[in-house]
1. Add -39500 (n - 2.57) for each DSSP H run of 4 or more in the protein assembly as shown, then divide by its residues: what number comes out at 222 nm, to the nearest 500 deg cm²/dmol?
2. Can you tell me, using C-alpha contacts under 8 Å and at least 6 residues apart, the relative contact order of chain B as a whole percent?
3. My understanding is that a pair violates if its Cα-Cα distance is over 19 Å; which of B:Lys149/B:Lys180; B:Lys135/B:Lys196; B:Lys43/B:Lys122; B:Lys43/B:Lys106; B:Lys413/B:Lys446 do that in this structure?
4. Hey, rough spin-label estimate for A:Glu41 and B:Asp42, points 7 angstrom out along Cα→Cβ, what's it come to in nanometres?
5. Among the lysines, which fall within straight-line cross-link reach of B:Lys47, defined as a Cα-Cα distance under 18 Å, with same-chain neighbours fewer than 8 residues apart omitted?
6. To the nearest 20 Debye, how big is the dipole of the protein assembly as shown about its Cα centre, given +1 on the beta carbon of each Lys and Arg and -1 on that of each Asp and Glu?
7. At A:Met1 and A:Ala66, where each label point lies 7 Å from the Cα along Cα→Cβ, what is the point-to-point distance in nanometres?
8. Select from A:Arg96, A:Arg62, A:Arg77 the residue whose mean-square fluctuation is largest in a Gaussian network model of chain A (Cα-Cα springs shorter than 10 Å).
Amino acid sequence: MKYLYVGAAAEVDREALTAVRERVAGEFGVPVRELELPGVEFAFDAGRNQYGSIPVLEMLSRRSPADALKLLAVTERDLFIPVLTFVFGHAQLGGRVAVISLARLRQEFYGLAPDREVFLERASKEALHETGHTFGLVHCVERRCAMSLSTSIRQIDLKDAVFCPSCAARLRRTSRES
Amino acid sequence: MKTHWQILVVDDEEVMCESLAAWLREDGYAVDTAPSGREAVDKAAHKDYAIYFVDLKMPGGMDGIETMMQIRRLHPEAPVIIITAYATVDTAITAMKEGAQEYIVKPCNPEEISLLVNRIIKVKNLQRENTILRKKLSRQYRFGDVISKNARMQAILALATEVASLRSTVLIQGESGTGKELIARAIHNSGERASKPFVAVSCAALAETLLESELFGHERGAFTGATQQKRGKFEMADGGTIFLDEIGDISPKLQVDLLRVLQDRSFYRVGGSEEVRVDVRVVAATHVNLQQAVADGKFRDDLFYRLNVIEIRIPPLRERREDIPLLAQHFVERLSHELGKEIGEISEGALKILMDYNWPGNVRELENAVERAMVTCRGHELTEEDFSFLTQASVATKALAVPAGMTLEEMEKLLIAATLQRTGGNIKESAAMLGIDRSTLYEKIKRYEIPR
């Protein structure tokens, strides 16, 4: 039996973690397990005051349990890849591991009043998106699909926390194969 | 699908290279990477990428600018995006001068890269679509598509092929529906001007002043309603071919203007004082006998001789009846695909009707007749019955029965329908035959609901 693991360090918002776990369990149809992960301080880049998502993915690959079909990590820290100013998340396309960052999903990050509902919804969408990449899904042209590209928080808010029929069908095909 | 567009990322820092490549792959692109300028040029020599992301500072004697220049030597239109961590005004200016599409500073905002890539791919898609459409179009109008085994037509095609690469003016004469524009397009597409525009103008369709502005363009304020400058068809056809259909119908003033363009290859826009020079090949066509028009003093002889450098006379269909079965079969094949009908054959009886008919509207009328028969046909073969409307029309053209008790209006409707039938639906010819002007004829066709 293979599982979809959702892992996080102790500091991560528990409510967000629950929302993510429930959403991926509902959408991918694979039994979900939780996993306690170490913090990502080792990936800190002092020059950018951010955390590199590439070393985080490398760590996840090493820590991935033997019975893990996929491992999705959730972090509070702001992530980046060298060429971009930030990323909401990062995944191995068609691989095993992915990570999402909650840092830029809260209203407070943009100087707005907190809104838990909006925050949890955003976390769920990003979880679906990055896990979708590990199943080989690429960005979808359908703006409301969870797999559509989001380079800003507005774009995350515009999409739904579900896959469009075409991505869902592609996902079913890949799941059958894996 | 984006995967058919390939992107090359060039950076000596592996982590930079791979992270951008991975990010673009998530967007659905096929991405290659190269750790040096030299390897990038090697890859570009084997493949033309849709976008090149090139890092500015790379060791090994070949920096981003040099890499870009070598790539652009291989692919002059290649969109190269220079990326750098050390932006200076000087490097930005050099990069743009040498033809970089964009110059971005890393780390870049994901939204910025995404918009940039989308913009370039959008243009690439349009360019690809344009190439495909151009290819389709030129395939559609080749001499090989002119169907005929008639000796006169073969001689015409040989002449047209021979003159395709020249700039000499061509005058195509032939009745309506004989395929004058098809020959004109085939001449254009077989010559060196094929990649340039082919602009067709029907001189009969517009009034004198409108036609003048249509052909030569106008300046802002040249006349009421000329709110901005407009390029004329001659300017649009620059480098290519202009096809002037129904040239016999142009006014004496336009005949003078046209003569000037043919002599000097230059003209003035309506209301303009600046001379506009163009390199345009003129192919003119007419269904009237221009020599006769010259003799009658309706057409300038000097213009006629300028136009008639190469003369092509297309015979009417009734003078090349051997082509009727060939053409009919061609239309059946083409239309069965378009209409979604499985009709492959034409019965002998039906062919006899087609061979006996006079075809005043020529090939166009034959095409319309085949389409009409196919629409009503219920089997897999076109029969005599499917073409019965042609035999009725033949009778109608022979004698117009006038039963007693008919109103004048009914009589008029009958006469207009018969005249249209005879001219193959040609409005101008029908109006002339009936002795009324075209707008009156249109109005009556509409009022009596006469099918054309």
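Nothing in this text is a laboratory measurement; each read-out follows from the coordinates by a stated rule. All figures in this text were calculated on a predicted structure; none of them were measured in a lab. No Cβ is skipped: glycine too gets one built from the backbone with ideal geometry, and neighbour counts run over all protein chains shown.
1. Using -39500 (n - 2.57) per qualifying helix, the result is -14000 deg cm²/dmol.
2. It rounds to 10 percent for chain B.
3. Too far apart for the 19 Å limit: B:Lys43/B:Lys122; B:Lys43/B:Lys106.
4. Label at A:Glu41, label at B:Asp42, 4.5 nm between them.
5. The reachable lysines, counting only those whose Cα sits under 18 Å from B:Lys47, are B:Lys2, B:Lys124.
6. 760 debye
7. The two pseudo-label positions are separated by 1.7 nm.
8. A:Arg62
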